[in-house]
């Protein structure tokens with residue numbers, strides 16, 4: 001094995017080790033992970049909020065036993081692949097060993113540790129942005145037709161992983177038109193590659209069409225409830241923090257794309273970045289949507305710095321550059337990961353608030369970062385629902401109806417009773433089993449309100465069965481109601497409610 005690839009292997013091993021040790025055992029899976037894992041039980045060419053590839057990985061995790069080990073393994077694997085693709089890109093750009101190590105350190109000790117911590121489409125999204133950029137470099141350097149078709153393949157699968165990669169096309173097509181590389185638009189194989197990408201995403205497009213294009217409704221709802229709280233200044237601040245250890249490398253990459261002779265044919269990457277970031281800012285996108293842009297620019301900057309620092313006294317600056325991402329990782333280690341207990345975080349808010357980590361999607365500060373609060377209380381909820389389900393099921397079929405997808409997904413993941421909880425929220429609205437006649441109901445509500453009086457009138461017996469008691473959980477106060485002996489046709493009520501929701 002070449003020395004270079006032994007070093008790469010060490011980085012990959014370090015990546016996996018870090019991903020597993022950065023989560024305190026007190027934390028469970030995160031809200032979104034439960035939904036994506038439940039998609040394995042309902043395979044389709046699309047879902048209300050995401051394309052299908054995450055469900056394929058979820059099915060593989062289920063096949064392997066559905067343990068938390070495998071849930072964490074695949075995001076880590078995708079992050080490791082991202083490092084490998086950047087490594088190969090640097091080799092294609094004729095980078096030195098110093099460039100390879102610098103980029104790998106920058107990627108290892110970065111926001112990717114946070115992203116690759118969760119089973120969400122974001123890890124795939126970043127990988128496919130990076131892989132697509134690598135293929136573009138290969139095509140520009142060789143002008144071999146095969147790379148156009150590889151690009152079409154990767155872009156198509158990228159769309160099926162997360163729709164966010166559309167911004168890549170919107171940003172880079174005009175950027176290419178601004179440079180001499182616009183000649184690619186005269187190549188008929190470009191359109192062949194575009195057709196290949198279209199054929200790959202066609203099943204999802206047909207699914208969207210047959211289901212009334214729910215992605216449009218999802219984006220509108222996202223804009224109304226979450227993106228409206230996005231602060232553009234915070235967006236730019238986050239961009240600096242994502243890869244803070246190699247931010248200077250990215251800046252050198254921008255410079256090199258404009259003035260470094262070997263990168264002359266790749267200058268459109270500079271304008272592509274500017275336009276894509278501009279689009280994200282214009283649409284008030286969440287800050288992490290742009291993360292997929294950066295790995296390839298770390299590659300550009302590392303190669304240029306390797307050239308700049310290869311001779312004379314400048315060589316002594318190489319160790320400084322390599323230490324920089326390691327040193328700056330220390331404060332990030334202390335605030336960016338759920339490696340401290342909830343009690344510690346709540347008693348040391350100043351450490352987290354100065355980075356804006358306590359700000360949730362509602363625009364307010366809370367005791368814990370939102371992602372961390374979303375990793376608590378789920379097992380407790382599932383256990384309480386299991387207890388009620390066991391006794392109720394002796395008298396007839398029991399429906400478990402939740403307020404949100406996190407509750408339903410967590411109950412289904414942790415339940416030892418084979419519960420198939422549902423919700424009118426997210427994809428669960430399509431997963432109701434209306435073939436059963438339900439006699440009992442377990443209702444999981446965000447807040448008690450007047451549920452006992454309102455719903456209890458339709459059952460012979462009703463009571464509050466329990467609450468989520470973990471005060472640090474985002475689900476703190478979530479209430480479990482028990483309703484026994486239905487006086488109405490529950491299926492009919494469910495169907496009526498579905499019609500109302502889907503007609504909105």
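No value in this document is a laboratory result; all are computed from the given coordinates. No experiment lies behind these values; they were computed from the predicted model shown. Cβ atoms come from the backbone with ideal geometry, glycine included; neighbour counts cover every protein chain shown.
Output the relative contact order of region 62-196, whole-number percent, from Cα pairs under 8 angstrom with separation of 6+ residues. All intermediate terms of the calculation are to be shown ahead of the outcome.
Working: 109 pairs, mean separation 32.3, N = 135.
Normalised by residue count, the contact order of region 62-196 is 24 percent.
From the square roots a ≥ b ≥ c of the eigenvalues of the alpha-carbon gyration tensor of region 228-373, which class results: rounded (a/c under 1.5), prolate (a/b over b/c), or oblate?
Numbers: a/c = 3.80, a/b = 1.53, b/c = 2.49.
Oblate, because a/c is 1.5 or more while a/b does not exceed b/c.
Grab the DSSP H runs of the chain that are 4 residues or longer, score each as -39,500 (n - 2.57), total them, divide by all residues and round the 222 nm result to the nearest 500 deg cm²/dmol. Mind dumping the intermediate values first?
Numbers: 23 runs with 296 residues, N = 504.
Computed mean residue ellipticity for the chain: -18500 deg cm²/dmol.
Could you put 302, 54, 267 in order, starting from the residue whose Cβ has the fewest other Cβ atoms within 10 Å? Mind dumping the intermediate values first?
Values: 302 32, 54 27, 267 19.
Neighbour counts put them in this order, fewest first: 267, 54, 302.
Taking a spot 7 Å from the Cα of residue 489 along the direction of its beta carbon, which residues of region 452-481 have an amide N less than 18 Å from it?
458-459
Using the count of nearby Cβ atoms within 10 Å as a rough guide to exposure, how do 11, 483 rank from fewest to most? If you can, show how the numbers build up before the last one.
Working: 11 19, 483 28.
Placing the least packed residue first, the sequence is 11, 483.
How high is the relative contact order of region 3-335, given as a whole-number percent (alpha carbon pairs under 8 Å, six or more residues apart)?
Numbers: 414 pairs, mean separation 79.7, N = 333.
About 24 percent, as a whole number.
So, in Å, what gap is there between the alpha-carbon centers of region 119-165 and region 427-453?
The two parts, judged by their Cα centres, are 42 Å apart.
For region 378-502, just say rounded, prolate or oblate: build the C-alpha gyration tensor, square-root its eigenvalues into a ≥ b ≥ c, call rounded for a/c under 1.5, and beyond that prolate if a/b exceeds b/c, oblate if not.
rounded
Which of rounded, prolate, oblate describes region 344-425, given a ≥ b ≥ c as roots of the alpha-carbon gyration tensor eigenvalues and a/c under 1.5 marking rounded, otherwise prolate only if a/b is larger than b/c? Spell out each step's value before the answer.
Details: a/c = 4.27, a/b = 2.62, b/c = 1.63.
Here region 344-425 falls in the prolate category.
Spin-label point model (7 Å from Cα, Cβ direction): what's the residue 202 to residue 502 distance in nm?
Distance between label points: 2.6 nm.
Over region 378-502, what is the relative contact order in percent, taking alpha-carbon pairs closer than 8 angstrom and at least six residues apart?
Numbers: 220 pairs, mean separation 31.5, N = 125.
Rounded, it is 25 percent for region 378-502.
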